[in-house]
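Shown next, in structure tokens, is the structure this report addresses.
The values are calculated or read from the model by the stated rules, or taken from the named source; none is laboratory data. Quick caveat, the model's predicted, so the values are computed rather than measured. Positions of Cβ are backbone-derived with ideal geometry, glycine not excepted, and every protein chain shown enters the neighbour counts.
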Amino acid sequence: MALLANILAWEIPWTVGPGPISSVLVNKYGSRPVVMVGGLLCCLGMVSASYSTNVVELYLTMGFICGLGLAFNLQPALTIVGKYFYKKRPVANGLAMAGSPVFLSTLAPFNQFLFNTYGWKGSFMILGGLLLNCCVAGALMRPVEPKASTESKNKVGVRETDSSMEKRPKKLSIWEKINKYLDFSLFKHRGFLIYLSGNVIMFLGFFAPVIFLAPYAKDKGIDEYSAAFLLSVMAFVDMFARPSVGLIANSKLIRPRIQYFFSFAVMFTGICHLLCPLAEDYTSLVVYAVFFGLGFGSVSSVLFETLMDLVGAQRFSSAVGLVTVVECCPVLLGPPLAGKLVDETGQYKYMYLACGAIVVLASVWLLIGNAINYRLLAREKKKNIHTKESQETEPLKTSQSPNVNIKSGETETWKGTEVNPSERETNI
Amino acid sequence: MRALQGLPGPRAPSLPLLLLCFLAAVRRSVEHGLSTAAPFTSLPVQEEITMTKYSNLSLESHNISVTAAPFTSLPVQEEITTTKYSNLSLESHNISMTEHSNMTVEKNITLERPSNVELTCQFTTSGDLNSVNVTWKKGDTLLEDNYLVNATGSILYTQYRVTVIDSKQMGSYSCFFGEKKQQKGTFNLKVPEINGKNKPLITYVGDSVVLMCKCQDCLPLNWTWYSVNGSVQVPIGVPVNDKYVISGKHANETSLKIMQLSEDDQGTYWCHAIFELGESEGHVELVVLSYLVPLKAFGAIVAEVVLLVTIILLFEMYTQKKKKPSDDGKEFEQGEELKLDDSNGIENSGPRHRKNESVGQ
């Protein structure tokens, strides 16, 4: 047990660490190479796991190498969605996130089949091969090349910006150098901070109900297979919920207010958890599983869409890396704490009530925070329009801070596209 | 082995006493028989008065009765030695039947250690109880003696007692009610079951594997392992070698560790648990695969991946070559928006040199 505890203690930094590493790599090299390397790492990890002879080796191979590879897959995939799509980005996000429940529900019986046919060693090897398909996904991620030949007015400004900027490379501080790879200035971003804090609170109570659903059902006297079926129901509903919610989020009505939509989705999930203790028999538990799947799916599908909406496609990769690092703590702490609560009180319903309360609290926090954020942004936008109208379109003055340039650049973007002007990418 | 062979025991029969015992042996009805731990009908009257507990078997009377009565289970020698069984546990089992029950009622009894067993059948009928014929059988053999019949109200009770000491007393004991339309109740006395594994264990050449057998709440005297060669069970570990290691952490489980597996080791392995009352066995199936088996599947998947990646990249190069001649900067509208985004990105992240990054992608 001591050995296991030691392994775990050494393991946790490696689950948390890869997030920013892959952000840095994506910022430098783009999505495609990182995903392909990630796929190769996953495959390597699983195949070497099949040759491992003890628990430590298993942790090293499956935990570390595979984990690194999976982190290398997640970040760039999300980033590239933001780079490819703008008008239909919520739908794209919803569809991209829909992959999880599909594989969750199909891999369970498939794993059983593999295990019965090939044993665990062969299963690891074959799963490693399947993970190699991530490379195929990576190959599809064509890099987005901006055309250097188009000389639009914006570009003129950019050229001048570049030349003026390049004239003073020596004056880059260490902080700015770090920011080049991983944008820590995001921590000054108001929207980002609201998102991060809300999510940290939410994730404390988000995953525990999923993990404890089957034990809760068994505790109520339901047999093993029906209890496992509950999870399948949830995954199945989740599978369809994600793209549909993505579609809803893309609609003209919702998209400008997508942060509110996210808060409401979180609140819906929280209320589901609060009502769960009312479910006494199997049918009501199935109903709960359906609604939970709906809530879980809607939250997951707009989870990263809202982040993209807040920080913009450019800073998204760094944002995702930082968000993953910070969110690791509640995700890791949540289920054990919930388990402790169940052990102390002896009943599952208190755990569900606690998780529901935490999630509802997170949703309220997000709602209020985003309401304030929207209002402040509207105010700033009005100010920018006024200042822009009274000035030239030249965005960059060396004396000005980069922040102001962003806003004027942003207004140009808004005017240049057909986007609903209340849609904004906020950079502070 | 305490079988029905006899030891010459002390006998002091006197004729009147013998006759008395004979009568007692023939008699079937007992008032005390069921409620107290009363002895067999075969015991003479004195026994029934003096003995209140089965554990206080006295020797003398048993001697007499046995010579006359045809016991199927306990001869006199057994009776003497039954004082040894005073510390055996008593197990009681009941079956209830009515005249209308269609199915044969069965009850499975798991016995591990020698014990005294009391089997009771209850028969409820509306008719005349005295006219119902009661018989007991072990397997197909009719049991003549050693059982009591009692009628209370509308329920007919019959009780059979047996001291189980070895495997010969194990088996199926059935009580029968009636002549023409017989109602049957069966007690199956068995040794505890051993659980091996239902699904085959899959291993690879060169690995080592541990096969386990265990039973729930039992303490076997000994465990042995057998492998099957054709249809013959060959014991394992008889010439002790490095390949097989038999061990067990607790008394109720055993494990067989096989090292350096080869494809010849494939097959079914049987574990036998030896009890005082018999043997019980479980089985585990072992499958040994060579590494080539999953490797083929893996290779197929890798080939598919390489093929797909190559196709995608080739297609991309092909379309890019097509596009390069038409250099009018019209990729796709989203790209334009992204370009504008990119330029904004450059503006807002001057020190980060975003443009280099986007070109590099």
Residues being more than 30 Å from A:ASP223 (Cβ to Cβ) and among the aliphatic types (A, V, I, L, M) - total across the range A:251-293: 6
Condition broken by B:SER154, with the remaining ones in (1) more than 27 Å from the chain's Cα centre (by Cα); (2) hydroxyl-bearing (Ser, Thr, Tyr); (3) surrounded by 15 or more Cβ atoms within 10 Å (Cβ to Cβ) satisfied: (3)
Filtered residue count, the range A:130-157, keeping only those that are more than 17 Å from A:VAL81 (Cα to Cα) and either at pLDDT below 50 or touching a Pro at 6+ places or on another chain (Cβ under 9 Å) (or both): 11
Among the residues listed as A:ILE372, A:ILE385, A:ILE358, A:ILE368, the single one being in contact with a Ser or Thr (Cβ under 7 Å, 6 or more places away or on another chain) and in a helix (DSSP H, G or I): A:ILE385
Residue that is surrounded by the fewest Cβ atoms within 10 Å (Cβ to Cβ), among those in the range B:245-276 that are part of a loop (DSSP other than H, G, I, E, B) and within 24 Å of the chain's Cα centre (by Cα): B:HIS250
Residue in the range A:88-110 that is within 14 Å of another protein chain (Cβ to nearest Cβ) and more than 22 Å from A:ASP309 (Cα to Cα) present: yes
So A:GLU160, is it at pLDDT below 70, over 16 Å from the mean Cα position of the chain (by Cα), more than 9 Å from chain B (Cβ to nearest Cβ) and not in a helix (DSSP H, G or I): no
Residues of the range B:208-244 satisfying the condition of being outside any loop (DSSP other than H, G, I, E, B), at pLDDT below 85 and of a type in the set (A, V, I, L, M): B:VAL232, B:VAL234
Flag for B:LYS180 being under 27 Å from the mean Cα position of the chain (by Cα) and among the basic types (Lys, Arg): no
Candidates A:ALA249, A:ALA228, A:ALA217, filtered to the one that is within 23 Å of the chain's Cα centre (by Cα), outside the structural domain of A:VAL26 (by the TED database) and not acidic (Asp, Glu): A:ALA249
